[in-house]
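Below is one structure, written out as structure tokens; the observations come after it.
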Amino acid sequence: MFNRELLKGSTSLIVLQLLAERDMYGYELVKELEKRSDQHLQVKEGTLYPALHKLEKQEYIECYWQEQAKGPARKYYRIIEEGIQMLKEKTSEWEQFVQVINKVMRGTEHDPS
Amino acid sequence: MIHLEAKEHYLQQLKKELKKHPQRESIVQDYDAHLYELLAEKEDEKKTAEEWHLLFSEVIGHPKEVASMWKEELSVTPNKTFYLFLLMNAAFFVAGSLLTFAHLLNEYTWIQTVWRSLTSIPFIIMMLYMGFWGFLGYEIGKSFGARGRSLLKKTFLISVLPNLGLMLLVLFRIIPHEWFQPLLSTTFIMLCIAATILLYPICWIAFRWGKKQSL
């Protein structure tokens, strides 16, 4: 598990990325994130819903209910146009950030001393 | 069915902690659905009621902790933001008017000093005021994301009314020009017009920047 501070601020970006691939419900989002990160990234599930609610209020995602053959109806989340746009902008910003950090961290490798 | 009882107990506690939250029912419903999925995965595990409760608190958070995150979300609302900026803008006008009247009544020396100091730096004041409009756009973008667009338009249109009103009152000499001496030079009036035209683009650019920080 990474330091929570490293993940802080990235939760919304990760959620938008996952939803850009397919509509998901809350529990599925948590499990998908764990699976993809080999259990390294674990969002405290209580914080996910306020984050989803905020994204919905900001009009980046929307939700809808879907009845299930077994069990109660599930609340699915789907990304909308503004969310896709925001995801593009933030992904590019994130990639630049990662590049810069990597460059800084690898700096000593090229140090002749 | 200990796990179901533990789930009910957890949700009841959460409901109690959320007290008067306007979306209490829908929030509890979200966690109910989440716990349903969690239990479907773990129902074969043998645990006591306390252990189930502990598991829920570990995975989701203690009900108090969860409720506080939702309450935090309520602290900034479009209405509060709208009135806050409206009041801030009105406060500039009220402060300016009071200072102008006090200066005209010529009562205190310190007011004359303040008036002289402020009228000697009109461009700095203008820049600071434009900064306020930038701040307005940025905060709306940061707090409300894409949804803030309509709030920005509404806040801007209503907040700009006193500015336009004052300009018209001075232009048509309903307010005597002498009140604002030595401010009313042609250059300053031209700059005021240009600044007023620029207010919305400034607000908009700041909004776009703020929106980027909303995630």
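With a 1.4 Å probe and all protein chains left in place, how much accessible area per residue does the protein assembly as shown have, in Å²?
Values: 19640 Å² over 328 residues.
Per residue, the protein assembly as shown has an accessible area of 60 Å².
Report the extension gain between B:Ala90 and B:Phe188 in nm, rounded to one decimal, defined as 0.36 nm multiplied by the number of residues separating them, less their alpha carbon distance.
Working: separation 98, 0.36 × 98 = 35.28 nm, distance 2.18 nm.
The B:Ala90-B:Phe188 span can extend by a further 33.1 nm.
What FRET efficiency comes out for the pair A:Glu67/B:Glu25, r = Cβ-Cβ distance, R0 = 30 Å, nearest 0.05? If you can, show how the numbers build up before the last one.
On the way: r = 19 Å, r/R0 = 0.64.
The calculated FRET efficiency here is 0.95.
Ignore the peptide's own chain and count Cβ atoms of other chains within 10 Å of each Cβ in A:28-36; give me the average, rounded.
Details: counts 1, 0, 4, 3, 0, 0, 0, 0, 0.
Mean partner-chain Cβ count within 10 Å for A:28-36: 1.
Helix B:78-105 versus the longest principal axis of chain B: what is the Cα-based angle in degrees, 0 to 90, to the nearest 10?
Helix B:78-105 sits at roughly 20 degrees to that axis.
Compare B:Ile125, B:Ile27, B:Ile140 in a GNM of chain B, Cα atoms joined below 10 Å, and give the one with the largest fluctuation.
B:Ile27
Taking the C-alpha atoms of the protein assembly as shown, how large are the radius of gyration and the largest Cα-Cα span, Dmax, in Å?
Just the Cα atoms of the protein assembly as shown yield Rg and Dmax of 27.1, 86 Å.
Please give the residues from the stretch B:131-179 for which the solvent-accessible area of heavy atoms, probe 1.4 Å, is smaller by at least 50 Å² with all protein chains in place than with the chain isolated.
So the qualifying set is B:Ala146, B:Arg147.
Between the helical axis of B:24-42 and the dominant principal axis of chain B, each derived from Cα atoms, what acute angle in degrees is found, rounded to the nearest 10?
Helix B:24-42 and the main axis of chain B meet at about 40 degrees.
In whole Hz, with x marking every Gly and Pro, tabulate ³J(HN,Hα) for the stretch B:139-153 from phi via Karplus 6.51 cos²θ - 1.76 cosθ + 1.60, θ = phi - 60°.
Along the stretch B:139-153, the couplings run 4, 5, x, 5, 7, 10, x, 4, 5, x, 4, 5, 5, 4, 4 Hz.
Taking N as the number of residues in chain A, what is its alpha-carbon radius of gyration divided by 2.2 N^0.38 Å? Can you show the working numbers first?
Values: Rg = 17.1 Å, N = 113, 2.2 N^0.38 = 13.3 Å.
Rounded to two decimals, the normalised Rg is 1.29.
Report, to the nearest whole %, how much of the accessible area of the stretch B:37-145 belongs to carbon and sulfur atoms, 1.4 Å probe, protein only. Intermediate results must be reported in sequence, preceding the final value.
Values: 4240 of 6380 Å².
About 66 percent, which is the carbon plus sulfur part of the accessible surface.
Show the residues, 5+ positions off or on another chain, whose built amide H is closer than 5 Å to the amide H of A:Ile61.
Under 5 Å from the amide H of A:Ile61: A:Glu56, A:Ile80.
I'd like the FRET efficiency for A:Arg22 and B:Glu8, computed as 1/(1 + (r/R0)^6) with the beta carbon distance as r and R0 of 45 Å, rounded to 0.05.
On the way: r = 32 Å, r/R0 = 0.71.
Working from the Cβ atoms, E equals 0.90.
Based on alpha-carbon atoms only, what is the radius of gyration of the stretch B:1-153 relative to the globular estimate 2.2 N^0.38 Å?
1.80
Per residue of the stretch A:27-33, what does 6.51 cos²θ - 1.76 cosθ + 1.60 with θ = phi - 60° give for ³J(HN,Hα)? Whole Hz please, x for Gly and Pro, Karplus curve as stated.
4, 5, 4, 4, 5, 5, 5
Below 12 angstrom from the Cβ of A:Ile79, what's the summed charge of the other residues (Lys, Arg +1; Asp, Glu -1)? Can you show the working numbers first?
Numbers: positive: A:Arg22, A:Arg78, A:Lys88; negative: A:Glu21, A:Asp23, A:Glu56, A:Glu59, A:Glu62, A:Glu81, A:Glu82.
Local charge sum for A:Ile79: -4.
Just the accessible area for B:Arg208, please: 1.4 Å probe, Å², rounded to the nearest 10?
Answer for B:Arg208: close to 110 Å² accessible.
Give the aspartates and glutamates whose C-alpha is closer than 20 Å to that of B:Lys142, dropping any in the same chain fewer than 8 places away, or say none.
Qualifying aspartates and glutamates at Cα under 20 Å: A:Glu56, A:Glu59, A:Glu62, A:Glu81, A:Glu82, A:Glu89, A:Glu93, B:Glu72, B:Glu73.
Whole Å is fine, so just give me how far the alpha carbon centre of the stretch B:117-165 lies from that of the stretch B:25-98.
30
Would you mind finding the longest exposed-site-free stretch of chain B, with exposed GluC sites (Glu not before Pro) meaning DSSP loop and at most 15 other Cβ atoms within 10 Å?
Working: sites that count: B:Glu43, B:Glu45, B:Glu107.
Free of exposed loop sites, the longest segment is B:108-215.
Other chains near A:42-49: what is the mean number of their Cβ atoms within 10 Å of each residue's Cβ?
The per-residue average across the peptide is 6.
In whole Hz and in residue order, list the ³J(HN,Hα) couplings for the stretch A:70-76 that follow from phi through the Karplus curve 6.51 cos²θ - 1.76 cosθ + 1.60, θ = phi - 60°; x for Gly and Pro.
10, x, x, 4, 9, 9, 9
Relative to the longest principal axis of the C-alpha atoms of chain A, give the angle of the C-alpha long axis of helix A:11-21, reported between 0 and 90° and rounded to the nearest 10°.
Helix A:11-21 and the main axis of chain A meet at about 60 degrees.
Taking R0 as 22 Å, what's the FRET efficiency between B:Glu178 and B:Met130 from their Cβ-Cβ distance, rounded to 0.05?
For B:Glu178 and B:Met130, the calculated efficiency is 0.25.
Show me the GluC sites (Glu not before Pro) within the stretch A:38-113 that DSSP assigns to loop and that have at most 13 other Cβ atoms within 10 Å of their Cβ. Mind dumping the intermediate values first?
Working: sites: A:Glu45, A:Glu56, A:Glu59, A:Glu62, A:Glu67, A:Glu81, A:Glu82, A:Glu89, A:Glu93, A:Glu95, A:Glu109; in loops: A:Glu59, A:Glu67.
Sites meeting the loop and neighbour criteria: A:Glu67.
Can you tally the net charge around A:His53? Count Lys and Arg as +1, Asp and Glu as -1, for every other residue whose Cβ sits under 10 Å from the Cβ of A:His53.
Around A:His53, the surrounding residues sum to -1.
Using DSSP, restrict attention to beta bridges with both residues in the protein assembly as shown and report what percent are antiparallel, rounded to the nearest 5. Numbers along the way, then the final one.
Working: 8 of 8 bridges.
Restricted to the protein assembly as shown, the bridges split so that about 100 percent are antiparallel.
The values are calculated or read from the model by the stated rules, or taken from the named source; none is laboratory data. As the structure is a prediction and not an experimental result, all values here were calculated from the model. Neighbour counts are summed over all protein chains in view; Cβ atoms, including those assigned to glycine, are modelled from backbone coordinates with ideal geometry. To get the accessible areas, we keep the full protein, side chains included, count just its heavy atoms, and leave off ligands, DNA and RNA. Shrake-Rupley method; radii C 1.70, N 1.55, O 1.52, S 1.80 Å.
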